[in-house]
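Below: one structure, written as C-alpha coordinates.
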Amino acid sequence: MDASALGNELSEILHTEAELKQRLSELARDIEADYGDQPPLLVGVLKGAVMVMADLARELRFQAEMDWMAVSSYGTGTKSSGVVRILKDLDADLTDRAVLIVEDIIDSGLTLSWLKENLLTRGAKSVKICTMLRKPDALKVDIDVEYVGFDIPNEFVVGYGLDYAEKYRNLRDVAILAPHVYS
Ligand code: PRP
(Lines give C-alpha, C1' and ligand atoms only; values in the text may rest on other atoms or scores of the structure.)
Protein backbone atom coordinates (compact mmCIF):
# COMPACT_ATOMS: atom_id res chain seq x y z
CA MET A 1 0.00 0.00 0.00
CA ASP A 2 1.28 3.45 -0.91
CA ALA A 3 1.26 6.33 1.58
CA SER A 4 -0.91 8.26 -0.85
CA ALA A 5 -3.75 5.84 -0.11
CA LEU A 6 -3.84 6.96 3.54
CA GLY A 7 -4.82 10.60 3.19
CA ASN A 8 -3.99 12.54 6.37
CA GLU A 9 -3.43 9.49 8.59
CA LEU A 10 0.34 9.91 8.37
CA SER A 11 2.12 13.03 9.55
CA GLU A 12 5.55 12.34 8.05
CA ILE A 13 7.32 9.70 5.99
CA LEU A 14 10.56 8.84 7.77
CA HIS A 15 12.01 6.32 5.32
CA THR A 16 10.75 5.49 1.87
CA GLU A 17 10.57 2.01 0.42
CA ALA A 18 13.64 2.83 -1.71
CA GLU A 19 15.64 3.97 1.32
CA LEU A 20 14.71 0.84 3.25
CA LYS A 21 15.72 -1.37 0.36
CA GLN A 22 19.05 0.42 -0.11
CA ARG A 23 19.91 0.23 3.58
CA LEU A 24 18.94 -3.42 3.73
CA SER A 25 21.33 -4.24 0.90
CA GLU A 26 24.13 -2.54 2.85
CA LEU A 27 23.27 -4.57 5.94
CA ALA A 28 23.21 -7.76 3.86
CA ARG A 29 26.76 -7.09 2.63
CA ASP A 30 27.91 -6.58 6.23
CA ILE A 31 26.20 -9.80 7.33
CA GLU A 32 27.77 -11.78 4.47
CA ALA A 33 31.21 -10.43 5.32
CA ASP A 34 30.84 -11.19 9.04
CA TYR A 35 29.51 -14.73 8.73
CA GLY A 36 31.60 -15.82 5.74
CA ASP A 37 30.91 -19.42 4.79
CA GLN A 38 28.94 -20.14 7.98
CA PRO A 39 25.55 -18.54 7.38
CA PRO A 40 23.35 -17.99 10.43
CA LEU A 41 19.86 -19.26 11.05
CA LEU A 42 17.58 -16.26 10.59
CA VAL A 43 15.02 -16.01 13.39
CA GLY A 44 12.13 -13.65 12.67
CA VAL A 45 9.90 -12.30 15.42
CA LEU A 46 6.27 -12.24 14.34
CA LYS A 47 4.46 -10.32 13.19
CA GLY A 48 6.36 -7.12 12.59
CA ALA A 49 9.51 -8.73 11.18
CA VAL A 50 7.78 -10.36 8.23
CA MET A 51 8.67 -7.61 5.75
CA VAL A 52 12.28 -7.15 6.79
CA MET A 53 12.81 -10.93 6.89
CA ALA A 54 11.36 -11.36 3.41
CA ASP A 55 13.53 -8.60 1.96
CA LEU A 56 16.71 -9.39 3.89
CA ALA A 57 16.59 -13.11 3.17
CA ARG A 58 16.23 -12.48 -0.56
CA GLU A 59 19.01 -9.90 -0.54
CA LEU A 60 21.52 -12.24 1.12
CA ARG A 61 23.86 -14.10 -1.21
CA PHE A 62 23.83 -17.32 0.75
CA GLN A 63 21.27 -19.98 1.59
CA ALA A 64 19.16 -18.33 4.27
CA GLU A 65 17.38 -20.75 6.55
CA MET A 66 14.47 -19.07 8.32
CA ASP A 67 12.54 -19.83 11.47
CA TRP A 68 9.94 -17.85 13.38
CA MET A 69 8.89 -17.01 16.91
CA ALA A 70 5.89 -15.13 18.22
CA VAL A 71 6.20 -13.52 21.63
CA SER A 72 4.09 -11.30 23.78
CA SER A 73 4.66 -9.37 26.96
CA TYR A 74 3.32 -11.06 30.01
CA GLY A 75 1.56 -9.67 33.02
CA THR A 76 1.24 -5.92 32.79
CA GLY A 77 -0.35 -5.71 29.37
CA THR A 78 2.33 -3.36 28.15
CA LYS A 79 5.16 -4.51 25.96
CA SER A 80 7.69 -2.87 28.22
CA SER A 81 7.35 -5.24 31.15
CA GLY A 82 10.36 -7.23 30.03
CA VAL A 83 8.59 -10.47 30.92
CA VAL A 84 7.93 -12.29 27.71
CA ARG A 85 5.62 -15.16 26.88
CA ILE A 86 6.28 -17.43 23.91
CA LEU A 87 3.18 -17.76 21.72
CA LYS A 88 4.89 -19.70 18.95
CA ASP A 89 8.25 -21.32 19.41
CA LEU A 90 10.99 -22.17 16.94
CA ASP A 91 11.01 -25.43 15.03
CA ALA A 92 14.81 -25.55 14.84
CA ASP A 93 17.23 -26.99 17.37
CA LEU A 94 19.70 -24.20 18.15
CA THR A 95 22.51 -26.34 19.52
CA ASP A 96 25.81 -24.94 18.22
CA ARG A 97 24.07 -22.78 15.68
CA ALA A 98 24.84 -19.18 14.81
CA VAL A 99 21.57 -17.29 15.13
CA LEU A 100 20.67 -13.91 13.70
CA ILE A 101 17.47 -12.44 15.13
CA VAL A 102 15.63 -10.34 12.56
CA GLU A 103 13.38 -7.57 13.89
CA ASP A 104 11.45 -4.62 12.59
CA ILE A 105 12.04 -2.35 15.57
CA ILE A 106 13.78 -2.10 18.91
CA ASP A 107 11.84 0.22 21.18
CA SER A 108 12.57 -0.31 24.89
CA GLY A 109 14.88 -3.20 23.98
CA LEU A 110 13.24 -5.44 26.57
CA THR A 111 11.85 -7.99 24.12
CA LEU A 112 15.16 -8.50 22.37
CA SER A 113 17.14 -8.53 25.57
CA TRP A 114 14.97 -11.36 26.86
CA LEU A 115 14.97 -13.19 23.53
CA LYS A 116 18.72 -13.10 23.13
CA GLU A 117 19.24 -14.64 26.55
CA ASN A 118 16.54 -17.22 25.88
CA LEU A 119 18.14 -18.37 22.64
CA LEU A 120 21.59 -18.54 24.22
CA THR A 121 20.28 -20.86 26.93
CA ARG A 122 19.23 -23.28 24.17
CA GLY A 123 22.86 -23.80 23.22
CA ALA A 124 23.19 -21.40 20.30
CA LYS A 125 26.82 -20.77 19.38
CA SER A 126 26.12 -17.07 18.93
CA VAL A 127 23.09 -14.80 18.88
CA LYS A 128 23.26 -11.51 17.02
CA ILE A 129 20.54 -9.01 16.19
CA CYS A 130 19.53 -7.24 13.00
CA THR A 131 16.80 -4.61 13.25
CA MET A 132 15.49 -2.29 10.58
CA LEU A 133 14.66 0.44 13.10
CA ARG A 134 15.77 1.45 16.56
CA LYS A 135 14.56 4.22 18.88
CA PRO A 136 17.62 5.27 20.90
CA ASP A 137 15.57 7.60 23.10
CA ALA A 138 13.20 4.79 24.14
CA LEU A 139 15.81 2.21 25.14
CA LYS A 140 15.52 0.96 28.71
CA VAL A 141 18.27 -1.64 28.65
CA ASP A 142 21.76 -1.84 27.26
CA ILE A 143 21.63 -4.20 24.35
CA ASP A 144 24.23 -4.88 21.69
CA VAL A 145 22.70 -4.66 18.24
CA GLU A 146 25.07 -5.65 15.49
CA TYR A 147 23.01 -4.50 12.49
CA VAL A 148 20.75 -1.43 12.59
CA GLY A 149 18.97 -0.02 9.57
CA PHE A 150 18.01 3.39 10.90
CA ASP A 151 17.84 5.12 14.26
CA ILE A 152 14.55 7.00 14.45
CA PRO A 153 12.92 9.50 16.82
CA ASN A 154 10.70 8.31 19.66
CA GLU A 155 7.45 8.69 17.71
CA PHE A 156 4.59 6.32 16.90
CA VAL A 157 5.69 4.80 13.62
CA VAL A 158 3.90 2.43 11.28
CA GLY A 159 4.56 0.64 8.02
CA TYR A 160 6.99 -1.95 6.70
CA GLY A 161 5.59 -4.47 9.19
CA LEU A 162 4.82 -2.05 12.01
CA ASP A 163 1.20 -1.70 12.98
CA TYR A 164 -1.29 0.32 14.90
CA ALA A 165 -4.17 -1.98 15.97
CA GLU A 166 -3.05 -4.42 13.24
CA LYS A 167 -3.37 -1.79 10.51
CA TYR A 168 -0.68 -0.15 8.36
CA ARG A 169 1.66 -3.16 8.33
CA ASN A 170 1.53 -3.33 4.53
CA LEU A 171 2.41 0.33 4.02
CA ARG A 172 5.55 0.35 1.84
CA ASP A 173 7.29 3.15 3.75
CA VAL A 174 7.97 3.83 7.44
CA ALA A 175 5.94 6.81 8.59
CA ILE A 176 4.89 8.68 11.72
CA LEU A 177 1.22 8.07 12.46
CA ALA A 178 -0.80 11.25 12.80
CA PRO A 179 -1.84 11.71 16.47
CA HIS A 180 -5.52 12.19 15.58
CA VAL A 181 -5.60 8.51 14.51
CA TYR A 182 -4.83 7.16 17.97
CA SER A 183 -5.83 9.90 20.41
C1 PRP B 1 7.29 -4.98 18.44
C2 PRP B 1 8.57 -5.35 17.71
C3 PRP B 1 9.40 -5.98 18.77
C4 PRP B 1 8.96 -5.27 20.04
C5 PRP B 1 9.95 -4.23 20.38
O6 PRP B 1 6.45 -6.08 18.44
O7 PRP B 1 8.35 -6.21 16.64
O8 PRP B 1 9.19 -7.37 18.86
O9 PRP B 1 7.71 -4.65 19.76
O10 PRP B 1 9.56 -3.55 21.55
P11 PRP B 1 10.53 -3.42 22.81
O12 PRP B 1 11.89 -3.05 22.30
O13 PRP B 1 9.90 -2.30 23.62
O14 PRP B 1 10.52 -4.70 23.57
P15 PRP B 1 4.94 -6.01 18.96
O16 PRP B 1 4.89 -6.42 20.39
O17 PRP B 1 4.36 -4.66 18.62
O18 PRP B 1 4.23 -7.16 18.11
P19 PRP B 1 4.09 -7.31 16.51
O20 PRP B 1 5.47 -7.56 15.97
O21 PRP B 1 3.19 -8.48 16.34
O22 PRP B 1 3.50 -6.02 15.98
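The values are calculated or read from the model by the stated rules, or taken from the named source; none is laboratory data. Computed from a predicted model, the values in this text were never measured in an experiment. With ideal geometry, Cβ positions are generated from the backbone for all residues, glycine too; neighbour counts draw on all protein chains shown. For the accessible areas, the whole protein counts, side chains as well, though only heavy atoms, and no ligand, DNA or RNA atoms are used. Shrake-Rupley method; radii C 1.70, N 1.55, O 1.52, S 1.80 Å.
Just to confirm the number: angle between the C-alpha axis of helix 50-59 and the first principal axis of the chain, 0 to 90 degrees, nearest 10? Computed tilt is about 60 degrees.
Extension gain for LYS88 to ASN8 (0.36 nm times residue separation, less C-alpha to C-alpha distance): 25.2 nm. For the Cα atoms of the chain, what angle does the longest principal axis make with the long axis of helix 17-35, in degrees from 0 to 90, nearest 10? That helix lies at roughly 10 degrees to the long axis.
Over the chain, DSSP H runs of length four or greater, each weighted -39,500 (n - 2.57), average out per residue to a 222 nm ellipticity of -7500 deg cm²/dmol. Charge dipole of the range 18-79 (Cα centre as origin; +1 on each Lys and Arg Cβ, -1 on each Asp and Glu Cβ, all else neutral): 320 debye, rounded to the nearest 20. Summed over the residues of the chain and divided among them, the accessible surface reaches 50 Å² per residue at a probe radius of 1.4 Å. Shown is the FRET efficiency for THR121 and ALA33, computed with R0 = 25 Å from the Cβ-Cβ distance and rounded to the nearest 0.05: 0.30.
Using a cutoff of 8 angstrom between alpha carbon atoms and counting only pairs six or more residues apart, the relative contact order for the range 13-111 works out to 31 percent.
In a DSSP loop and with at most 16 other Cβ atoms within 10 Å, the chymotrypsin sites (Phe, Trp or Tyr not before Pro) in the range 1-86 are PHE62, TYR74.
Reported value for the range 25-183: 113 Å³ per residue, from the convex hull of its C-alpha atoms. Label-to-label distance for LYS140 and GLU26 is 3.1 nm, based on points extended 7 Å past Cα in the beta-carbon direction.
Measuring nothing but protein heavy atoms, the accessible surface of the range 36-153 at 1.4 Å probe radius is 47 percent carbon and sulfur. Taking the average, over residues, of other Cβ atoms within 10 Å as the packing measure, peptides 157-168, 86-97 rank 157-168, 86-97 from highest down. Restricting attention to the chain, close to 35% of DSSP beta bridges with both partner residues there are antiparallel. In this rough spin-label picture, where each label sits 7 Å from Cα along the Cβ direction, the GLN63-GLU155 distance is 4.4 nm. Once you divide the Cα radius of gyration of the range 102-168 by 2.2 N^0.38 Å, the number left is 1.16. Rounded to the nearest 10 degrees, the angle from helix 110-121 to the longest Cα principal axis of the chain is 10 degrees.
For the pair MET1 and LYS167, label points projected 7 Å from Cα toward Cβ lie 0.7 nm apart.
First check a/c for the range 1-110, with a ≥ b ≥ c the square roots of the eigenvalues of its C-alpha gyration tensor; if it is under 1.5, answer rounded, and if not, answer prolate when a/b is larger than b/c or oblate otherwise. Verdict is oblate for the range 1-110.
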